[in-house]
Amino acid sequence: AEIVGEEKAELTLPPNVPPPIDRDHATKLVVNMEVTEEEKRLADGVTYTMWTFGGEVPGKFIRAREGDMIEFHLQNHPDNKLPHNIDLHAVNGPGGGAESTFTAPGRETVFTFRALNPGLYVYHCATAPVGMHIANGMYGLILIEPAEGLSEVDQEYYVMQSEFYTEGDYGERGLQPFDMDRAIKEDPEYVVFNGSVGSTTGDNAITSNPGDDVRLFVGNGGPNLTSSFHVIGEIFDRVHYEGGDRIQKNVQTTSVPAGGSAIVEFETEVPGDYILVDHAIFRAFNKGALATLSVSGEEDENIYTGQQLEQVYQPEGGAVQTIPQEKREEPAAQTIEERIERGKSVYSSVCQSCHMKDGSGIEGAFPPVAKSDYLNENPDRGISAIVHGLSGEITVNGETYDGVMPRQNLTNEEVANVTTYLLNSFDNEGGRVTPEDVERVRE
Ligand code: HEM
Ligand code: CU
């Protein structure tokens, strides 16, 4: 194809994507990408020195058209400490551009490549030690639109998974250095979407409306793990698996390998929050791989009714008058120490998966039970959350949550233990709860 004219590429930070290309010809497309090294938030109270393409992790999204001649400028900011380069998987040529772009701090390099193959491609730094440059945040996505364009949709977003290997354990506060041993063992403390725990939840959730067609450009920077990418409560109508031409329909979970991608498309039929996860599920609930797609608008009961009934279930019909929890009644704890110790084991088997081991919760999804003003103001609220469940908007330590905590099937004794444990742990204000307190709140 003939190259007509010249344009400067519009690049976007995640979760945004540049608009579809409406050109019917190839052009010379100039891409300016600046590398920075800066301390950024990895999780609440946790920071990390991230190396970025364009100021964020993942790097800026590049959108070009099949046939374009791309003049790539790699700029290494003068305040940086290290040289960097770029390997774009959309390039046909040595190192995917890495050999032409080795760039010292305060320098700029330029090379040109032809976008021969349409598809969604990962780019990353390939400067030694390569794994470390990638682990520190140096990856992003470049879309080469086919000449005929992609189908029209209502919303397009950019979501990229990756891992962080920190010296401190998950949630350990402060500036965390890179841990090479953990990286070699492929045992990350963090697995995240768009560069940090909670990057795309709460007010930063991606959004759509009922009836919208949504397209997610999904990438995986790795450096090590394959993502089992899934959206809870949605089915992908179409997946361009591995970011290529072929389409698979009606997919629940799609594999996105390290250094690979997928384009997933689905209609959001019903309002509500849809959680993007790596369905290797401990990564989602214990390492951060959660993001939210928030769909707001009219309900459609032809597709989804919401809960229609909730009642006691008695396996052997009306003949069995005791519900199972009463059979598990163990002798009452005698001392507060005993209560706390037993409560701790209830916490770790029942509560921890959502509220986290250190009680810090997950931003935008699960409120902290650590230093919780909501709980300390009135411990009955904690009891009530456990025995009745809790939903609707609440404010905990200045943050708003609007989630659903399911009612927990625990005995009064167990609830007293876990609540007493909570009040006496995680910087809460102390106190004790008895089974009689639980019975009072239950009624
Ligand atoms: C809210 C405790 C299990 C999800 C709360 C609150 C407490 C609490 C005290 C009030 C807000 C706060 O102080 O942070 C517990 C205890 C549990 C437990 C002791 C175990 C016995 C769970 C589980 C989940 C969960 C397993 C997830 C499936 C939530 C959510 C809220 C919440 C989403 C906020 C609800 C809203 O936004 O209205 N929990 N929780 N909790 N919990 Fe739990
Ligand atoms: Cu680098």
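Among the residues of the range 106-130, the ones that are away from ligand 2 (no atom under 11 Å from the Cβ), open to solvent by 40 Å² or more (accessible area, probe 1.4 Å) and on the phi < 0 side of the Ramachandran plot come to 8 in all. Restricted to the range 415-430, and to residues that are under 13 Å from residue 347 (Cβ atoms) and open to solvent by 30 Å² or more (accessible area, probe 1.4 Å), which residue is nearest to ligand 2 (Cβ to nearest atom)? The selected residue is 426.
One residue is enough: does the range 398-411 have a residue meeting the conditions open to solvent by less than 30 Å² (accessible area, probe 1.4 Å) and either at pLDDT 95 or above or of a type in the set (S, T, N, Q) (or both)? Yes.
Checked against (1) in contact (Cβ under 8 Å) with a residue 40 or more places away in the chain; (2) open to solvent by less than 10 Å² (accessible area, probe 1.4 Å); (3) farther than 30 Å from residue 66 by Cβ, residue 165 passes all but a single condition, namely (1).
Suppose we keep only residues that are over 27 Å from residue 276 (Cβ atoms) and free of Cβ contacts under 8 Å to residues at least 12 places away in the same chain within the range 347-380. Which one would you say is nearest to ligand 2 (Cβ to nearest atom)? Filtering the range 347-380 for residues that are over 27 Å from residue 276 (Cβ atoms) and free of Cβ contacts under 8 Å to residues at least 12 places away in the same chain, the one nearest to ligand 2 (Cβ to nearest atom) comes out as 377.
Taken together, the residues in the range 172-214 that are open to solvent by 20 Å² or more (accessible area, probe 1.4 Å) and within 11 Å of residue 46 (Cα to Cα) amount to 5. Taken over the range 222-250, residues that are under 19 Å from the mean Cα position of the chain (by Cα) and either open to solvent by 10 Å² or more (accessible area, probe 1.4 Å) or among the aromatic types (Phe, Trp, Tyr) (or both) amount to 12. For the range 13-35, the tally of residues that are of a type outside the set (Asp, Glu) and open to solvent by 20 Å² or more (accessible area, probe 1.4 Å) stands at 12.
Count of the range 68-98 residues, restricted to those that are more than 14 Å from ligand 2 (Cβ to nearest atom) and among the charged types (D, E, K, R), is 3. Within the range 131-146, the set of residues being open to solvent by 10 Å² or more (accessible area, probe 1.4 Å) and either part of a helix (DSSP H, G or I) or near ligand 2 (Cβ under 9 Å from one of its atoms) (or both) comprises 131, 132, 134. Going residue by residue through the range 366-378, is there one that turns out to be open to solvent by 40 Å² or more (accessible area, probe 1.4 Å), under 29 Å from residue 294 (Cβ atoms) and more than 27 Å from the chain's Cα centre (by Cα)? Yes, because at least one residue in the range 366-378 is open to solvent by 40 Å² or more (accessible area, probe 1.4 Å), under 29 Å from residue 294 (Cβ atoms) and more than 27 Å from the chain's Cα centre (by Cα). Can you pull out every residue in the range 56-69 that is closer than 18 Å to residue 120 by Cβ and either part of a strand (DSSP E or B) or within 16 Å of ligand 1 (Cβ to nearest atom) (or both)? Scanning the range 56-69 gives 61, 62, 63, 64, 65.
Only residues that are assigned to a helix (DSSP H, G or I) and surrounded by 17 or more Cβ atoms within 10 Å (Cβ to Cβ) were counted in the range 385-397, giving 3.
Scanning the range 156-212 for residues that are part of a helix (DSSP H, G or I) and under 17 Å from the mean Cα position of the chain (by Cα) yields 202, 203, 204. Considering the conditions (1) more than 16 Å from ligand 2 (Cβ to nearest atom); (2) touching a Leu at 6+ places or on another chain (Cβ under 7 Å); (3) among the hydroxyl-bearing types (Ser, Thr, Tyr), residue 170 is excluded by exactly one of them, (2).
Only one of the numbered conditions (1) more than 15 Å from ligand 2 (Cβ to nearest atom); (2) open to solvent by 10 Å² or more (accessible area, probe 1.4 Å); (3) in a loop (DSSP other than H, G, I, E, B); (4) of a type outside the set (Val, Ile, Thr) is violated by residue 41, and that is (3).
Table: residues versus (1) touching a residue at least 12 places away in the same chain (Cβ under 8 Å); (2) under 12 Å from residue 136 (Cα atoms); (3) within 16 Å of ligand 1 (Cβ to nearest atom); (4) not polar (S, T, N, Q).
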position: 31; (1), (2), (3), (4): yes, no, no, yes
position: 46; (1), (2), (3), (4): yes, no, no, yes
position: 49; (1), (2), (3), (4): yes, yes, no, no
position: 52; (1), (2), (3), (4): yes, yes, no, no
position: 71; (1), (2), (3), (4): yes, no, no, yes
position: 76; (1), (2), (3), (4): yes, no, no, no
position: 82; (1), (2), (3), (4): yes, no, no, yes
position: 93; (1), (2), (3), (4): yes, no, no, yes
position: 96; (1), (2), (3), (4): yes, no, no, yes
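Among the strands (runs of 3 or more DSSP E) confined to the range 252-309, the ones with at least 3 residues that are touching a residue at least 40 places away in the same chain (Cβ under 8 Å) are located at 260-268, 272-278, 290-295.
Note on the range 354-370: residues that are near ligand 1 (Cβ under 6 Å from one of its atoms), over 13 Å from residue 426 (Cα atoms) and either assigned to a loop (DSSP other than H, G, I, E, B) or not hydrophobic (A, V, I, L, M, F, W, C) (or both) total 1.
Each row is one residue, and each column tells you yes or no for (1) under 30 Å from residue 191 (Cβ atoms); (2) buried (at least 23 other Cβ atoms within 10 Å of the Cβ).
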site	(1), (2)
49	yes, no
56	yes, no
60	yes, yes
65	no, yes
100	no, no
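The values are calculated or read from the model by the stated rules, or taken from the named source; none is laboratory data. Source: prediction; values computed, not measured. When we count neighbours, we look across all protein chains shown, and the Cβ atoms used for this are built from the backbone with ideal geometry, even at glycine. Only protein heavy atoms, including side chains, enter the accessible area calculation; ligands, DNA and RNA are left aside. Shrake-Rupley method; radii C 1.70, N 1.55, O 1.52, S 1.80 Å.
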